[in-house]
Structure formats: C-alpha cells, structure tokens
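> Dropping a structure here in structure tokens format, bear with me for questions.
The values are calculated or read from the model by the stated rules, or taken from the named source; none is laboratory data. Fair warning: this is a prediction, and the values are worked out from it, not measured in the lab. Reconstructed Cβ throughout: ideal geometry from the backbone, glycine too, with neighbour counts over all protein chains shown. Accessible surface areas use protein heavy atoms only, side chains included; no ligands, DNA or RNA. Shrake-Rupley method; radii C 1.70, N 1.55, O 1.52, S 1.80 Å.
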Amino acid sequence: MLMQILLEFHWTNLLQPQFYIEHGGLWLILFVVFAETGLFAGFFLPGDSLLFVAGIYSTNLANEFIPTGNEVFDLLLIMMLISVAGIIGNTTGYWFGRKVGPAMYQWKENMFFKQRYLQQAHEFYEKHGGGAIIVARFIPIVRTFAPIVAGIVQMDQKKFSFFNVVGCVAWVGSMLFAGHFLQKWILAHFGFDLKDHLEIIVLGLVAVTTAPVIMKLVFNKKK
C-alpha cells in the first residue's frame, strides 16, 4: 500500500486537501496544521482548504478517533484536536523566534535585512500584536511567519498565548463548520455534492484567502 502511494505520488498532491484525507486521515491533518506554523518550511501547506474539506468529512475523520454517532460531537471532537495541534504549532514557532531573536540584533545590515525592520516589527507587535496573531491565522503564508516574528521581537508570552488560543480556535472552528454545514445545505437544497467538486472548492478558497493580501500589496505598494 505504501509503495503504491509513493509510486503514484506527485509534488502537486501536497496542495490537494483530499490527498491528506485519503492517505493519512485525521492524524495527517493534525501534523499538517502543526507544521504550517511549527515548521518554517510549512508555509506551502493547504491549511484553509484542508480544514474546509475536513469539515465535509468530519464524521469519517472523527470515527478514526472515537465514534460518537452525533455530527455535532464529531465536529467538536475534531475541532478540539486540530485546535490543539495548531496551538502547539504556533507556540513552537514563537519559541523558535525567541531563541534566534537576540542573535538577529547582532546581524550586519544588507540589502534584505535592516536593523530598523526589527524595531518596526517590535513597535507593531506592541501595538497590534494580539490582533495580528488572530488575523494571521486566516491568511496563508502569513500565519507561518507571524508567530516566529512575534518571538523574535519578544512579544509578551502571556499575551501571545491568549491570542494564540483565541485565533486558532476561531480559525479551525470557522473552517470546519463552514465546510460541514455548507455541504449539508447545498446538498439538501440543490442536490449538489461538494465532495464531487473539491478542486473547485479549493481554488475558490485560495482566491478568497489570498485576494486581500494581493490587493494590499498592489494598492499600497509604496507604503
């Protein structure tokens, strides 16, 4: 089985949520959510779309852990497990930042690094740190680096921990519940099964979550 998966594997599978669900289930989802913020190289992983699709398959995923026989309990169970994985991932990124942060103040300036960047980041997190940690959870790529930068600029640990929990639970819960109940509503009213059109769903989610960032970069480039 494993050999067959390896032979059929292509790197594009890493961007497809259904690949993780079909070949690793809940346990692989937990690792992906952790890795997206806990591991520096996890920025390319499909966090939003993976959680949305996980909401569609919530009953199947929950049965891998503890069969509850209740769809709401299934959702709450996987929401709790995935939230814990995300909280641990963010915390890992934060502590990595705290470890490397002090050394960065001794780095020589170059084209890509200026000491003023650290000062600006420190001032930003002092003023908007809590909100930044929450909002970053909903933005691909940004959520990978936000906790690391928070650690680098020595954001208050208790403040980070509180907003880390709030942001992670809000992100996981909203994506899971949206996927689960939107699937039920569309299927009941239009007879349209989202499971048969996951590629379109994924592309739509990527467009929705990245559009604000792209617009901000385009229209506020100078600033």
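> Please work out if Lys184 is free of Cβ contacts under 8 Å to residues at least 24 places away in the same chain, basic (Lys, Arg) and either more than 20 Å from Thr59 (Cα to Cα) or not in a helix (DSSP H, G or I) (or both). Show your work before the answer.
Numbers: free of Cβ contacts under 8 Å to residues at least 24 places away in the same chain: yes; basic (Lys, Arg): yes; either more than 20 Å from Thr59 (Cα to Cα) or not in a helix (DSSP H, G or I) (or both): no.
Answer is no for this residue.
> Quick one: Asn164 ticks every box in (1) within 18 Å of Thr37 (Cα to Cα); (2) surrounded by fewer than 20 Cβ atoms within 10 Å (Cβ to Cβ); (3) within 21 Å of the chain's Cα centre (by Cα); (4) not acidic (Asp, Glu) bar one, so which box is it?
(2)
> Filter the stretch 32-45 down to the residues that are over 15 Å from Gln16 (Cα atoms) and part of a helix (DSSP H, G or I), then identify the one that is most open to solvent (accessible area, probe 1.4 Å).
Step by step, filter the stretch 32-45, then rank; the result is Phe40.
> Let me ask something additional. Would you confirm, using the coordinates I've provided, whether Ser49 is within 19 Å of Cys168 (Cα to Cα), within 13 Å of the chain's Cα centre (by Cα) and surrounded by 22 or more Cβ atoms within 10 Å (Cβ to Cβ)?
yes
> Could you tell me which residue of the stretch 83-129 is nearest to Leu50 (Cα to Cα), considering only residues that are among the polar types (S, T, N, Q) and either open to solvent by less than 20 Å² (accessible area, probe 1.4 Å) or part of a helix (DSSP H, G or I) (or both)?
Ser83
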